[in-house]
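Participant: A single structure is presented below for examination.
The values are calculated or read from the model by the stated rules, or taken from the named source; none is laboratory data. This structure is a prediction, so every number in the text was calculated from the model and none was measured. Because the Cβ atoms are built from the backbone with ideal geometry, glycine has one as well, and the counts that use them run over all protein chains shown. Surface areas here come from the heavy atoms of the whole protein model, side chains and all, with no ligands, DNA or RNA. Shrake-Rupley method; radii C 1.70, N 1.55, O 1.52, S 1.80 Å.
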Amino acid sequence: MKKDSRIVLALDETDGEKALSIVNQVADYIDAVKINWPLVLTEGPEMITKLSEITDVICDFKVADIPNTVSLIVSNSVKRGASAVIVHAFPGEDSLQEAVKAAGDAEIYAVTEMSHPGGKTFTALHAEEMAMMGVRCNVAGFIAPATRPERIAAIRKIIGDRKILSPGVGAQGGSASSAIQAGADYVIVGRAIYKADDPRAVAEGIFKEIKAVL
C-alpha cells in the first residue's frame with residue numbers, strides 16, 4: 001500500500017454506485033479504501049474487485065474465528081482483489097498465524113484496540129499483549145484508535161516500524177494530525193468524507209492537515 005496522503009477512506013456507504021463515485025472523486029487524496037460488511041452485504045463481494053481497480057482495498061472484516069475459518073475468509077478476500085484484511089487478535093496466536101499464511105503477498109492488520117468508547121472495556125486492557133503477539137506472528141501492522149492518541153504511542157513502542165492504521169478520525173472525534181504525531185502511519189476516515197456534500201474537499205482538507213505535521 002502506498003504512503004502518499006496517509007489517508008484510508010472507510011467506505012461504509014451501502015449504495016454501490018455512490019460508493020464507486022465517491023472513491024473516484026477522492027482517489028488522488030487517499031492511499032486505500034477500507035470496506036466493511038455493510039457494503040459487501042448489500043452489493044456483493046464483487047465490490048472488492050471493482051474498488052481494487054481504482055485503489056488498494058482493505059477488507060475490514062475483523063475476522064475472529066478458528067484458524068480454518070480465518071483462512072477461508074482471508075484467502076477469498078485476497079482472491080477478490082483485497083490488498084489487506086483486518087482481523088481481530090484476541091482469537092489467539094494460531095488464528096493470527098493462519099491469517100498471515102492465508103494472505104500470501106497481501107497484508108494482515110490486527111486490531112489491538114477499537115476506537116469507540118466500548119473499546120476501553122475489554123480490548124484496551126490487553127492491547128499491548130495483542131500487539132506483542134502480532135509481532136510474533138509477523139502481521140504487517142495494527143489498528144490503534146485515533147480517538148486515544150496516547151494508545152497509538154503505546155503500541156508504537158511495542159511494534160517497532162510495523163504499520164499503524166488509526167480509525168476514529170472525524171465523526172468519532174479523533175484528529176488526523178494528533179494520530180500521525182502519536183505514531184500512526186495512516187488515519188482512517190469514514191463519515192466525515194463519504195457523507196460530505198463535497199467529499200473531495202474534505203479529503204483535501206485532511207490531507208493538508210496531515211502534511212502540516214509531517
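Participant: Out of everything in the range 204-214 that is closer than 16 Å to Tyr29 by Cβ and either touching a Lys or Arg at 6+ places or on another chain (Cβ under 8 Å) or of a type outside the set (Asp, Glu) (or both), what residue ends up being surrounded by the fewest Cβ atoms within 10 Å (Cβ to Cβ)?
Facilitator: Among residues in the range 204-214 that are closer than 16 Å to Tyr29 by Cβ and either touching a Lys or Arg at 6+ places or on another chain (Cβ under 8 Å) or of a type outside the set (Asp, Glu) (or both), the one surrounded by the fewest Cβ atoms within 10 Å (Cβ to Cβ) is Leu214.
Rundown of residues vs (1) of a type in the set (Lys, Arg); (2) out of contact with any Asp or Glu (no Cβ under 8 Å at 6 or more places or on another chain), yes/no style:
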{"position": "Lys3", "(1), (2)": "yes, no"}
{"position": "Ile7", "(1), (2)": "no, no"}
{"position": "Asn36", "(1), (2)": "no, no"}
{"position": "Met47", "(1), (2)": "no, yes"}
{"position": "Ala64", "(1), (2)": "no, yes"}
{"position": "Thr69", "(1), (2)": "no, yes"}
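Participant: Follow-up. Being among the basic types (Lys, Arg), under 17 Å from the mean Cα position of the chain (by Cα) and closer than 23 Å to Lys79 by Cβ: is that true of Lys50 here? Walk me through it before giving the result.
Facilitator: Details: among the basic types (Lys, Arg): yes; under 17 Å from the mean Cα position of the chain (by Cα): no; closer than 23 Å to Lys79 by Cβ: yes.
It is false that Lys50 is among the basic types (Lys, Arg), under 17 Å from the mean Cα position of the chain (by Cα) and closer than 23 Å to Lys79 by Cβ.
Participant: Identify all residues within the range 31-51 that are out of contact with any Cys (no Cβ under 9 Å at 6 or more places or on another chain), within 23 Å of Gly174 (Cβ to Cβ) and open to solvent by less than 60 Å² (accessible area, probe 1.4 Å); write none if there are none.
Facilitator: Correct list: Asp31, Ala32, Val33, Pro38, Leu39.
Participant: In the range 120-133, is there at least one residue being within 22 Å of Ile35 (Cα to Cα), in contact (Cβ under 8 Å) with a residue 12 or more places away in the chain and within 16 Å of the chain's Cα centre (by Cα)? Working first, answer last.
Facilitator: From the range 120-133, those within 22 Å of Ile35 (Cα to Cα) are 123; that's our starting set.
Filter again for in contact (Cβ under 8 Å) with a residue 12 or more places away in the chain, leaving 123.
Still in the list and also within 16 Å of the chain's Cα centre (by Cα): none.
Scanning the range 120-133, I find no residue that is within 22 Å of Ile35 (Cα to Cα), in contact (Cβ under 8 Å) with a residue 12 or more places away in the chain and within 16 Å of the chain's Cα centre (by Cα), so the answer is no.
Participant: Pick from the range 141-159 the residues that are outside any helix (DSSP H, G or I) and among the β-branched types (Val, Ile, Thr): which of them is surrounded by the most Cβ atoms within 10 Å (Cβ to Cβ)?
Facilitator: If we take residues in the range 141-159 being outside any helix (DSSP H, G or I) and among the β-branched types (Val, Ile, Thr), then Ile143 is surrounded by the most Cβ atoms within 10 Å (Cβ to Cβ).
Participant: Taking only the range 160-203 into account, find how many residues are among the charged types (D, E, K, R) and either buried (at least 16 other Cβ atoms within 10 Å of the Cβ) or in contact with an Asp or Glu (Cβ under 7 Å, 6 or more places away or on another chain) (or both).
Facilitator: Summing the residues that are among the charged types (D, E, K, R) and either buried (at least 16 other Cβ atoms within 10 Å of the Cβ) or in contact with an Asp or Glu (Cβ under 7 Å, 6 or more places away or on another chain) (or both) in the range 160-203 gives 4.
Participant: A follow-up question, please. Would you say Lys2 is open to solvent by 30 Å² or more (accessible area, probe 1.4 Å) and either under 25 Å from Phe90 (Cβ atoms) or modelled with pLDDT under 95 (or both)? Reasoning before the result, please.
Facilitator: Numbers: open to solvent by 30 Å² or more (accessible area, probe 1.4 Å): yes; either under 25 Å from Phe90 (Cβ atoms) or modelled with pLDDT under 95 (or both): yes.
So Lys2 passes the test.
Participant: Looking at Ala64, Ala89, Ala106, which is the one that is open to solvent by less than 30 Å² (accessible area, probe 1.4 Å), of a type in the set (A, V, I, L, M, F, W, C), modelled with pLDDT of 95 or more and out of contact with any Gly (no Cβ under 8 Å at 6 or more places or on another chain)?
Facilitator: Ala106
Participant: Please go through the range 182-198 and pick out each residue that is touching a Ser or Thr at 6+ places or on another chain (Cβ under 9 Å) and assigned to a helix (DSSP H, G or I).
Facilitator: Ala182
Participant: Being part of a strand (DSSP E or B) and not β-branched (Val, Ile, Thr) is the requirement here; does Leu125 meet it? Steps first, please.
Facilitator: Values: part of a strand (DSSP E or B): no; not β-branched (Val, Ile, Thr): yes.
Considered against the rule, which asks whether it is part of a strand (DSSP E or B) and not β-branched (Val, Ile, Thr), Leu125 comes out as no.
Participant: While we're on this one: Output the number of the condition that Ile54 fails; it satisfies all remaining conditions of (1) part of a helix (DSSP H, G or I); (2) surrounded by fewer than 17 Cβ atoms within 10 Å (Cβ to Cβ); (3) not charged (D, E, K, R).
Facilitator: Only one criterion in (1) part of a helix (DSSP H, G or I); (2) surrounded by fewer than 17 Cβ atoms within 10 Å (Cβ to Cβ); (3) not charged (D, E, K, R) is unmet by Ile54, namely (1).
Participant: Looking at the range 12-30, can you tell me whether even one residue there is of a type in the set (A, V, I, L, M) and open to solvent by 50 Å² or more (accessible area, probe 1.4 Å)?
Facilitator: No - not one qualifying residue is present in the range 12-30.
Participant: To continue, here is another question. For a quick check of your reading of the model, give me the residue pairs whose first member lies in the range 49-68 and is farther than 20 Å from Gly141 by Cβ, whose second is surrounded by 15 or more Cβ atoms within 10 Å (Cβ to Cβ) and of a type in the set (Asp, Glu), with beta-carbon atoms closer than 6 Å and at least 6 apart or on different chains.
Facilitator: So the pair list comes out as Pro67/Glu98.
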